[in-house]
Amino acid sequence: MCASAKYNTRGPALIPRMKTKHRIYYITLFSIVLLGLIATGMFQFWPHSIESSSDWTVEKRSVHDVPVVKLPAESPIPERGDLSCRMHTCFDVYRCGFNPKNKIKVYIYSLKKYVDEYGMLVSNTISREYNELLTAISDSDFYTDDVNRACLFVPSIDVLNQNTLRIKETAQALAQLSRWDRGTNHLLFNMLPGGPPDYNTALDVPRDRALLAGGGFSTWTYRQGYDVSIPVYSPLSVEVELPERRPGPRRYFILSSQMALHPEYRSDLEALQAENGESVLVLDKCTNLSEGVPSVRKRCHKNQVFDYPQVLQEATFCIVLRGARLGQAVLSDVLQAGCVPVVIADSYILPFSEVLDWKRASVVIPEEKMPEMYSILQSIPQRQIEEMQRQARWFWEAYFRSMKAIALATLQIINDRIYPYAAMSYEEWNDPPAVKWSSVSNPLFLPLIPPQSQGFTAIVLTYDRVESLFRVITEVSKVPSLSKLLVVWNNQNKNPPEDSLWPKIRVPLKVVKTTENKLSNRFFPYDEIETEAVLAIDDDIIMLTSDELQFGYEVWREFPDRLVGYPGRLHLWDHEMNKWKYESEWTNEVSMVLTGAAFYHKYFNYLYTYKMPGDIKNWVDAHMNCEDIAMNFLVANVTGKAVIKVTPRKKFKCPECTAIDGLSLDQTHMVERSECINKFASVFGTMPLKVVEHRADPVLYKDDFPEKLKSFPNIGSL
Amino acid sequence: MQARGRYLLAGLAACLLAGLYLRPGRRRAAAASPPEPEPRRGSALAAGPAEAGGGRRARGGAGPAGGRCRMETCFDFSRCRRHGFRVYVYPARGRLSEPQRRVLRSLRGSRFYTPEPGRACLLVLPLERGPRSPDAPARPPHWNGGRNHLLFSLHRDGPLGFEPGQALLAQAGPGAPGFRPRFDVSLPLFPRRLPQRGGARAGPFPAPRRYLLVFEGQRSPSGLGAQTRAALHNGRDLLLLTACRPGPGARCDRPAAAADDARYDSQELMQNSSFCLVPWGRRLGFFRFLEALQAACIPVLLSNGWELPFSEVIDWNKAAIIGDERLLLQIPSITRSIDHDRVLALRQQTQFLWETYFSSVEKIVLTTLEIIQDRIQAHISRNHVMWNAQPGGLYVLPQFSTSLADFPFYYCALGRSPAKEFTAVIQAASPLLSQSQPIVRLILAVAKSKYCTQIVVLWSCEKPPPPRSWWPSVPVPFSVVEGEHKTMSSRFFPYDLIRTDAVLSLDEDTVLSTNEVDFAFTVWCSFPERIVGYPARSHYWDSSKGWWAYTSKWTNEYSMVLTGAAFYHRYYHYLYTFYLPGSLHSMVDQMANCEDILMNFLVSAVTKLPPIKVTQKKQYKETMMQQGSKTSRWADPEHFAQRQACMNSFASWFGFMPLVHSQMRLDPVLFKDQVSILRKKYRDIERL
């Protein structure tokens, strides 16, 4: 209202110069003003929620023009943090509800200026870091401007650094937040807790049930599964660009760069240096620097000056010792430099330890074992060191880099607790992108040999070659472990033969009529398939003997997560054409087996039908070719394993033919198949197929041993 | 005056209006007004005056004795430094409960056990049955306030009845209010029929099942009232059954009982459902939990605030749905929202966890000890992957390496493949007399392999090894190691010298060609966690004698590959030496036999898969049989009887028969095909 007071004083001064003929003009002006006033008043006091319009935007955080809130001395103070709080006791999960996206909604209170009853500011305005943090939240998917739909509330009261706070008044400010309700579902961010002399490891501001995302928790103050341990952000991260260095040995083995160390620690470190010489470097602050050089960026050892944090990149291990506080910003610098942190701070809860596996990125040494540090670190194998260096850098890039990274990781952790069934997995949190890209998690990872008794279901895809089909059915039905035969009738123009015409076999025979002539019909996960093992067989593969098929099934049982088939093929890199080539000649290697005769797990039918990447499935159906190559790509890609070619057989169709395989020899066919490989490799973005040099034969195959004693004597040799 | 009043009024009004419009904090106003230069914000964290040096070993309120304990405050690490992680068990005086007795038996049988309390890092105090006086634990001679003591508080032991003080508490059962995180260990409640060692193998890959979610309980459990039940139960794929007429193992569906008198068997129900509702926190729930795991039924835990078993190391999100009691009604939609792939993964994980950590008393006890050991040696402990992926924490010894890349199990997970190099380790037992001895030929053949990067001869002959000049000259590093103890087991000692992941273990009389070695090595690269070798043996159950029988006859299947010529990962040397108990080692050493059988037992126990036999020239067997006096052990009937005996003692130590049969042999793709030999890469294998 100070603006109006000013206007008021200037008003009367104008009057003497006014003329009465301007009366009408002034009356009009007055009426307009009055109307405006009424309109404003109506807008102001209209029942719609004011809060809904006061969402968190960039302008709102303007330091000026924030409403001032006066805190009377007797206004309530929240209770101190309740150490027994857990998500199921102190957190109101009903606010979050079940939603299909499984994402919590976060509301940010609008900025206010708090003054005590004497008009003194309770705290400074929010810091650059807290501003970044709030901006990150408001830009994220978590943000909502609707206080009624929010599940988590973040106050615009900056408590990152306890040193800058007036504790009692800050607590009072928290308590008068509109949805405070004992702090339920409120999240506070704090990085520097405690103060002299005893430096508590959690924020001293009484906060009742509010969750605390704190840097420097100890096991005594950390409420596991409720609080979130966050890093202490290092402002140097933005100032200094440290390019990633390749993992490997560095100039110094151990480096200590912290300045304010307890003398006892420093003498321990100096003893370490005296003992091990050059490989250990203990730095301290520079005392004899000329004016103007920021001391934060320099470290000294004796008279030698080092640039900080660049010097961290010269060391394999960097010590992160506890200071007065457990959480140290140096941890962030060390990670950024790709140096392996050696954390020496008993009872310290490492940042984001709920989800990050620090054992893969750091070495934690009990304070007691500090003198043994050198030998402990020496015992770490080089491979592990390189892995940790890579991991350290990845942690920094993903979770330490900026206030935004810290804020989002914190919210994701809370989100994971509220929707644990949709939580990010360990691998998603911990694996660096390079590993995520190249690693394979086999969907059938249990090492099992399925029981023989279950048998297999044979699926024959057919169009109209009835005679040949009946021969295949008769042959396959002789296999002891066959439990069901499924004929997929892919011809819509013609009905399958009458029931009476089908061969009589000992197992159930079922015909599935498809609605469209598509190759992918052979890989549909039909409900009729009740066994785990599926034998896909073409309607013209008549040469496979019962022994061969039974043996193939036995081999599949030993490798239930692989394609186990008879016709083997190979892909090769054509250096002239610079692309992949399909090969069916007599090769010493195999990378595919054709599904014209192959065993595989039923699960892969599901994958083929519903999880095939890109447009491969439609592409195959449109081209009426390469469904088998697509299946090979799919299985190799999810399991990371090679196929198994069983038995020596190379010929499958007509006994009269002299060619290896009538169809496959056709030149245009080979070109098409090569095209398929190139197409699929580009869709998968990689070449998942694995080349092997072995095939599976019965143990006594071609051994000098009476045939009648062999389990599988009738194995064709060609 | 009049005008003046009007102007005043107008001015006032304008002022008021302006004031309202410019009310701080209104977006519209802020947008309308010209942007003000933002003052530079201060950093909250910019290095201010350096904080004082900080108190050394300032332990936030170092606990009141007992009550709040952490490993740093209530555990004496120095005790473990001297003699390693050794566990002592006090002799029990009073009456012990059955579970307590079984736990103690497993403790005494473990490789950590020591009979001397002075050497122990951890002391286990048996909890006697019956009422205990509050000062009961004060009596043990090394009690010292409970420091370094471990108590197994099992459900049948009743309440503890005294303050555990600084003793670690391994607690089963729901009542864990005073659970001290990272200090106490949460145990599962194990049923009476849980085997002592061994434990059942997991079933087949869990196929999609009939029911989505089942719950089966006796009385209306608290929190799961009739109303909730009625809201969830739909009789089709959501079955929530509460007992009406308790019969043996059968329960009926009460509200629907009038309509259809369907009877369900509790085990069968779990076997046929994808998810099982487990209201944690009640004893019944505890048992149901393990039953569900075993049945590959994903537990849906309503576990508000209870510590799940071994939650310190097991990632339960990978095997269970952790729900919230308060959101019970959301359970159906949550379970329906989980897709097929995830269900398959969750269910396999239930099987993995069950088999690895819960299927026998011994596994539960060992897991407890390993968790504590991991805390004591924090810098050499298992990471999350080691605990939660095949083959599980009990078979992965971090003392070997803390790097995943050093183990044979994680190549796929790390997106790597084994390095193309191996070390040949040749066991030499007879003196080197002539240059035509098999060992010389063997060294030359192996050295020619392009994958061979090192040859190590383990000299176990009584005579001193011959000078270097006697050995053939080879293009790869060659060394002779003279073991301290020239025992059978020493051939599997993890010498630092062996640096490659792959080891080719050879007997001195083995006959191999370079082709055979190369081919076997490429096969091993596809199966780095298994033994890949040439001569194979088999076992079978001899029901007439009631024991395991060993056979070296040519059979259609095999379950062992002799380590006289086999590739395997170097980690198995470590595991053989440090995982297996001294009793088995000394048995092998005394007989100078069976070391290969033991290695096969071990590897199959870890991988749960058979070894792999690759093809070989057929004279191998004959040569072995016709060897001179030194290797006559193969033909000796007593030798055979020993191996038979070994099989049975190994099987009893493992608690089950880990060997698995295979019916196939891996040959080169063109092996014995009717095609020009020039096309074939591995020609020598076919030539006789």
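Could you tell me whether A:Arg128 is touching a residue at least 12 places away in the same chain (Cβ under 8 Å) and either within 23 Å of A:Ala213 (Cα to Cα) or more than 30 Å from the chain's Cα centre (by Cα) (or both)? No: the conditions fail for A:Arg128.
Among the residues of the range A:250-270, those that are open to solvent by 50 Å² or more (accessible area, probe 1.4 Å) and away from every other protein chain (no Cβ under 13 Å) comprise A:Arg251, A:Glu270. Exactly one residue out of A:Arg506, A:Arg522 is open to solvent by 40 Å² or more (accessible area, probe 1.4 Å) and touching a Ser or Thr at 6+ places or on another chain (Cβ under 8 Å), and it is A:Arg506. Scanning the range B:314-333 for residues that are crowded, with 21+ Cβ neighbours inside 10 Å and among the hydrophobic types (A, V, I, L, M, F, W, C) yields B:Ile314, B:Ala319, B:Ala320, B:Ile321, B:Ile331. Residues that are more than 14 Å from every other protein chain (Cβ to nearest Cβ) and in contact with a strand residue (DSSP E or B) (Cβ under 6 Å, 6 or more places away or on another chain) do not occur anywhere in the range A:127-136.
Filtered by the rule that a residue be in contact with a helix residue (DSSP H, G or I) (Cβ under 9 Å, 6 or more places away or on another chain) and either touching a residue at least 60 places away in the same chain (Cβ under 8 Å) or outside any strand (DSSP E or B) (or both), the range A:505-514 gives A:Ile505, A:Thr514. The residue that is farthest from A:Met373 (Cα to Cα), among those in the range B:378-406 that are more than 8 Å from chain A (Cβ to nearest Cβ) and over 13 Å from the mean Cα position of the chain (by Cα), is B:Phe400.
Set side by side, the residues B:Arg499, B:Arg491 differ, and just one is closer than 14 Å to B:Thr423 by Cα, touching an Asp or Glu at 6+ places or on another chain (Cβ under 7 Å) and in contact (Cβ under 8 Å) with a residue 12 or more places away in the chain, which is B:Arg491. Could you tell me whether any residue of the range B:454-474 is within 30 Å of A:Lys645 (Cα to Cα) and surrounded by 20 or more Cβ atoms within 10 Å (Cβ to Cβ)? No: the range B:454-474 contains no residue that is within 30 Å of A:Lys645 (Cα to Cα) and surrounded by 20 or more Cβ atoms within 10 Å (Cβ to Cβ). Checking each residue in the range A:114-124 for being open to solvent by 70 Å² or more (accessible area, probe 1.4 Å) and either within 12 Å of another protein chain (Cβ to nearest Cβ) or within 37 Å of the chain's Cα centre (by Cα) (or both) picks out only A:Asn124. Of the residues making up the range A:412-430, those that are open to solvent by less than 20 Å² (accessible area, probe 1.4 Å), under 27 Å from A:Val363 (Cα atoms) and more than 9 Å from chain B (Cβ to nearest Cβ) number 3. For the range A:663-676, the criterion of a residue being surrounded by fewer than 14 Cβ atoms within 10 Å (Cβ to Cβ), at pLDDT below 70 and either of a type in the set (A, V, I, L, M) or part of a strand (DSSP E or B) (or both) is satisfied by at least one position. Among the residues of the range B:650-670, the one identified as among the aromatic types (Phe, Trp, Tyr) and open to solvent by less than 10 Å² (accessible area, probe 1.4 Å) is B:Phe650. I want to confirm something. Restricting to the range B:405-419 and keeping residues that are among the hydroxyl-bearing types (Ser, Thr, Tyr) and in a loop (DSSP other than H, G, I, E, B), which single residue is surrounded by the fewest Cβ atoms within 10 Å (Cβ to Cβ)? Filtering first and then ranking leaves B:Ser417. Of the candidates A:Leu486, A:Leu469, A:Leu461, the single residue that is open to solvent by less than 10 Å² (accessible area, probe 1.4 Å), touching an Asp or Glu at 6+ places or on another chain (Cβ under 8 Å), assigned to a strand (DSSP E or B) and over 26 Å from A:Met191 (Cα atoms) is A:Leu486. Within the range B:622-649, being of a type in the set (A, V, I, L, M), at pLDDT below 85 and open to solvent by 50 Å² or more (accessible area, probe 1.4 Å) holds for B:Met625, B:Ala635. If you go through the range A:395-454 and pick out every residue that is of a type in the set (Phe, Trp, Tyr) and within 25 Å of A:Val334 (Cβ to Cβ), you end up with 6. For the residues A:Trp573, A:Trp580, the requirement of being more than 10 Å from every other protein chain (Cβ to nearest Cβ), free of Cβ contacts under 8 Å to residues at least 60 places away in the same chain and either assigned to a strand (DSSP E or B) or under 23 Å from A:Asn442 (Cα atoms) (or both) singles out A:Trp573. Please work out if B:Gly323 is on the phi > 0 side of the Ramachandran plot and not polar (S, T, N, Q). So B:Gly323 does not fit the description; no.
On the basis of being within 21 Å of B:Trp316 (Cβ to Cβ) and modelled with pLDDT under 95, does B:Pro391 make the cut? So B:Pro391 passes the test.
When the range A:74-103 is filtered for residues that are in contact (Cβ under 8 Å) with a residue 40 or more places away in the chain, open to solvent by 40 Å² or more (accessible area, probe 1.4 Å) and of a type in the set (A, V, I, L, M, F, W, C), the ones remaining, listed by number, are A:Ile77, A:Leu83. Please tell me if B:Pro475 is over 28 Å from B:Cys594 (Cβ atoms) and at pLDDT below 95. So B:Pro475 passes the test. Among the residues of the range B:569-615 satisfying the criterion of being part of a strand (DSSP E or B) and touching an Asp or Glu at 6+ places or on another chain (Cβ under 9 Å), which is nearest to A:Tyr701 (Cα to Cα)? Looking at residues that are part of a strand (DSSP E or B) and touching an Asp or Glu at 6+ places or on another chain (Cβ under 9 Å), I get B:Val614.
The values are calculated or read from the model by the stated rules, or taken from the named source; none is laboratory data. Not measured: the values here are computed from a predicted model. Counting neighbours? That spans all protein chains shown, and the Cβs are built from the backbone with ideal geometry, glycine included. To get the accessible areas, we keep the full protein, side chains included, count just its heavy atoms, and leave off ligands, DNA and RNA. Shrake-Rupley method; radii C 1.70, N 1.55, O 1.52, S 1.80 Å.
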